[in-house]
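Novice: Mind looking over this structure? Questions follow.
A short reminder: the numbers here are calculations on the coordinates, not readings from a lab. Keep in mind it's a predicted model, so treat the numbers as computed, not measured. Cβ atoms come from the backbone with ideal geometry, glycine included; neighbour counts cover every protein chain shown.
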Amino acid sequence: MILNEKARAVADVAIAFNPAKSDEFSRQVLITVEKNRAGRGGVNIQFDKDFEFYRLNPQGSFLVEKLLSDVLSEG
């Protein structure tokens with residue numbers, strides 16, 4: 001499992017012209033499961049930070065935006 005800040009992991013295209021998205025992404029973390037033993041690999045799940053209480057909001061969702069690494073490998 002890899003833990004990243006969403007604002008640093010997603011492609012700049014997702015936040016280029018929308019400062020509200022930039023603020024939203026800075027309040028989220030991205031957990032990537034590289035290899036799942038019984039399932040598929042490369043699963044990206046996003047969670048809201050709640051670091052004031054040393055936790056993540058348990059209501060996560062799958063990542064919709066492209067990752068920076070995916071954009072760089074395409075071109």
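Novice: Would you please calculate the Kirkwood hydrodynamic radius of the chain over all C-alpha pairs and express it in Å, rounded to one decimal? It would help to have the intermediate numbers written out before the result.
Specialist: Numbers: mean 1/r = 0.0763 Å⁻¹.
Hydrodynamic radius (Kirkwood, Cα only) of the chain equals 13.1 Å.
Novice: Also: If I take every Cα pair under 8 Å that is 6 or more residues apart in segment 2-74, average their sequence separation and divide by the length, what percent do I get for the relative contact order? Please report the intermediate quantities before stating the final value.
Specialist: Details: 103 pairs, mean separation 23.0, N = 73.
So the answer I get is 32 percent.
Novice: Among the lysines, select those whose C-alpha is under 18 Å from the C-alpha of Lys21, and discard any that sit fewer than 8 residues away in the same chain.
Specialist: In chain and number order, the partners are Lys6, Lys49, Lys66.
Novice: Now, a different point. For the pair Phe51/Leu3, report the inter-label distance in nm, with labels modelled 7 Å from Cα in the Cβ direction.
Specialist: 1.0 nm
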